[in-house]
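What follows is a single structure, written as structure tokens, with notes after it.
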Amino acid sequence: MSCGTGGARAETFSVRVRAQDDLGMPMANLQLALAGAPLGVTNASGELVLQLPGKEGQRVDLSASCPEAYNGPRERPTLLLQRSVGPDGAAKPSELVLTCESKEHVAVVAVRAQPNLPILLQGQPVAHTGPTGTAHVMLREPPGSAFQLTLDTASRPDLRPAHPSRIFTVTQQDAFAVWDQPFELTKKPVAKKRTRAKSPTVLDPNPPAP
């Protein structure tokens, strides 16, 4: 905590810390400390109210740590101690908003193709299309990464294209994508019927007398 100027007497200032994830949802278990001393963690609503001693206009540098599955916080946990008054004239806490960024995001892909086809990720099946030809694949991956899904058509050699693939990119938030894969059916060659040749008629060289 940096010292203020002047001879103002030390007071206590109320500060409400609000933690959220990168989707704006309340973030519990964000840890706060001052000069190495723990101050507490945010509750299920993503809030923690602090009583900080200091002087009006004094800058306070807190340290904050997001839960293990998150990076951040995005903002620097610094504030100025000051009195805040609501519309009704009553004192209200100052607010500090901190944002934790998820290390992974959910990517959901809805696949529409032919029935009963395995869906591969890195050569391993992760789903199968059902009797109606639809399936859903859900993955958790770091933002900015990409993954490739492949429809395995080994059991359907009549489908073209064979083994189609699609690459999906994980965005900075949970996302939903649709993979609508059309196919063409190749016709199997029709085998020609083989006709048996008729045996030639053999005439009797010695026909019976009439």
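The values are calculated or read from the model by the stated rules, or taken from the named source; none is laboratory data. Note that the structure is a prediction, hence the values are computed from the model and not measured. Cβ placement follows ideal geometry from the backbone for every residue including glycine, while neighbour counts extend to all protein chains displayed.
Looking at 142, 131, 125, which is the one that is out of contact with any helix residue (DSSP H, G or I) (no Cβ under 9 Å at 6 or more places or on another chain), under 30 Å from residue 27 (Cβ atoms) and outside the structural domain of residue 67 (by TED's automatic domain parsing)?
Selected residue: 142, the only one of 142, 131, 125 that is out of contact with any helix residue (DSSP H, G or I) (no Cβ under 9 Å at 6 or more places or on another chain), under 30 Å from residue 27 (Cβ atoms) and outside the structural domain of residue 67 (by TED's automatic domain parsing).
Please determine, by comparing only the residues of the range 130-149 that are touching a Lys or Arg at 6+ places or on another chain (Cβ under 8 Å) and at pLDDT 95 or above, which one is nearest to residue 115 (Cα to Cα). Show your work before the answer.
Residues of the range 130-149 that are touching a Lys or Arg at 6+ places or on another chain (Cβ under 8 Å), as a first pass: 133-134, 142, 148-149.
Narrowing further to those that are at pLDDT 95 or above: 133-134, 148-149.
Working: 133: 4, 134: 7, 148: 20, 149: 16 Å.
Per the stated criteria, the residue is 133.
Considering every residue within the range 119-139, establish whether at least one is exposed (fewer than 12 other Cβ atoms within 10 Å of the Cβ), under 19 Å from the mean Cα position of the chain (by Cα) and not in a strand (DSSP E or B).
The answer is yes; a qualifying residue exists.
List every residue pair whose Cβ atoms sit under 6 Å apart, with the two residues 6 or more apart in sequence or on different chains, where the first one lies in the range 24-35 and is without any contact (Cβ under 8 Å) to a residue 40 or more places away in the chain and the second, anywhere, is buried (at least 16 other Cβ atoms within 10 Å of the Cβ) and assigned to a loop (DSSP other than H, G, I, E, B).
Listed by first residue and then by second, the contacts come to 26/46; 28/42; 29/67; 34/62.
Exactly one condition in (1) surrounded by 14 or more Cβ atoms within 10 Å (Cβ to Cβ); (2) assigned by TED's automatic domain parsing to the domain that holds residue 147 is not met by residue 31; state its number.
(2)
Could you please tell me which pairs satisfy a Cβ distance under 9 Å, a separation of 6+ or placement on different chains, a first residue in the range 163-177 that is part of a strand (DSSP E or B), and a second residue that is among the aromatic types (Phe, Trp, Tyr)?
166/179; 167/147; 168/147; 168/179; 169/147; 175/168; 177/168
Which one of 44, 69 is in contact with a Ser or Thr (Cβ under 9 Å, 6 or more places away or on another chain), within 16 Å of residue 100 (Cα to Cα) and of a type outside the set (Asp, Glu)?
It is 69.
Take the residues in the range 49-79 that are within 30 Å of residue 141 (Cα to Cα) and of a type in the set (A, V, I, L, M); name whichever of them is modelled with the highest pLDDT.
64
If the requirement is being exposed (fewer than 12 other Cβ atoms within 10 Å of the Cβ) and either not in a loop (DSSP other than H, G, I, E, B) or not assigned by TED's automatic domain parsing to the domain that holds residue 154 (or both), which of these qualifies: 87, 73, 67, 53?
Going through 87, 73, 67, 53 in turn, just one is exposed (fewer than 12 other Cβ atoms within 10 Å of the Cβ) and either not in a loop (DSSP other than H, G, I, E, B) or not assigned by TED's automatic domain parsing to the domain that holds residue 154 (or both): 87.
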